[in-house]
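Data block below; observations after.
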Amino acid sequence: MFSFFKKKPPAESPALAPAASPAPLPAEPPPPAKSVFSPSSWFGGKPSADEPPPAPAAAPAPPPIETPPAEAEQRSGWLGKLKTGLRKTGNSITAAFVNAQIDDALYEELEAALLMADTGVKATEHLLEDLRRRVKSSMATEASQVKLLLADAIADLLRPLEKSLVIGEHTPTVIMVAGVNGAGKTTSIGKLTKHLANEGASVLLAAADTFRAAAREQLLVWADRNTVEIVSQEGGDPAAVSFDAVNAGKARGKDVVLVDTAGRLPTQLHLMDELKKIKRVVNRADASAPHEVLLVIDGNTGQNALAQVKAFDETLGLTGLVITKLDGTAKGGVLCAIARERPIPVYFIGVGEKLEDLETFKAREFAQALMG
Ligand SMILES: Nc1nc2c(ncn2[C@@H]2O[C@H](COP(=O)(O)OP(=O)(O)O)[C@@H](O)[C@H]2O)c(=O)[nH]1
Ligand SMILES: [Mg+2]
């Protein structure tokens, strides 16, 4: 179920881009290596669709290629990692079903297990009600059947969070990344940048976390120096850096501008005011930007993650989430709470510190991992 899309068709290269190809290409498929995201692509192109059809609708493109086995293996390896991560928390959702009857005691145990997994009161109530309905209509008689029904209920609850990040609708696509200190913003941006660059997208990074001197170096470590450029200014004004980066991204015809922001400020200035200012200034550089405002959340923050989502969403109007560190002691259930109370799409989840440890979010997989 990988989505793979064309980036913007070459014919649409805006006049702005100074380095546009000398002669416009005829309406024939562009060379796959450069212009088409690979089948494993995490990134949607336009037009966006919830469950993208395998064949691109509008522009001519090479036929979809089957996902190579290696890709599938990699993905299942990642899934195992997530399962192990979630299991470390002594996840007792599965334990509730062992030698169990379908009775009130089972539902009570499930309630406790879901709450323990950070699912929160509202989502837990919703899931149990939904589960009772499913058990009734399926006339299940075994606890093992109930387990499958709960996995279905969780997958259905999480499904609205599944969405592809769309690249190519704007040049550049400006993505602002926010989150509290240590959430994994810079790491996630690095991973994302590398993958975008691998797929032929040109990326410009705005090191708008000017507070941390190491931020620029941290970004550079991840970035491929040949395909990625960075706009930074040690100790400078984050909004000014962002403004410059978006303008540079436009002038240089970049596909993506990623704005890395601070989670803590050296001054008394309120973080939210600072972020609002960055957003405003980015919008001044490009009236349609930012096209995405992502919040990065440490998966270990439990119910506080929901509070963060609400607070940042109210200030910035979030378009997507990245949940990191699901390989550690995170309990995962907080995604259910988010789905129930503030359903903002989860574009990516982080399951480790390595480059490949960032993946797209799939509700069904996650539900299975959560159930152990
Ligand atoms: N285990 C694990 N560690 C992560 C993950 N993402 C980020 N980190 C680590 O979290 C720490 C803070 O990350 P950083 O990107 O600097 O956070 P920032 O302050 O939000 O930019 C670093 O040590 C990262 O290596 C993840 O998915 N899993
Ligand atoms: Mg950072």
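Things worth noting here:
- Checked against (1) part of a loop (DSSP other than H, G, I, E, B); (2) within 16 Å of ligand 2 (Cβ to nearest atom); (3) aliphatic (A, V, I, L, M), residue 287 passes all but condition (2).
- The range 186-212: number of residues that are of a type in the set (Ser, Thr, Tyr), more than 11 Å from ligand 2 (Cβ to nearest atom) and in contact with an Asp or Glu (Cβ under 6 Å, 6 or more places away or on another chain): 1
- Scanning the range 115-160 for residues being touching a Gly at 6+ places or on another chain (Cβ under 6 Å) and open to solvent by less than 20 Å² (accessible area, probe 1.4 Å) gives a total of 2.
- Some residue of the range 273-282 being in the same structural domain as residue 179 (by TED's automatic domain parsing) and in contact with a Gly (Cβ under 8 Å, 6 or more places away or on another chain): no
- Filter result for residue 353 (open to solvent by 50 Å² or more (accessible area, probe 1.4 Å) and free of Cβ contacts under 8 Å to residues at least 12 places away in the same chain): no
The values are calculated or read from the model by the stated rules, or taken from the named source; none is laboratory data. Everything quoted here is computed from the prediction, not taken from an experiment. Cβ sites come from the backbone with ideal geometry, for glycine too, and all protein chains shown count toward neighbours. Just the protein is used for accessible areas: all its heavy atoms, side chains included, with ligands, DNA and RNA removed. Shrake-Rupley method; radii C 1.70, N 1.55, O 1.52, S 1.80 Å.
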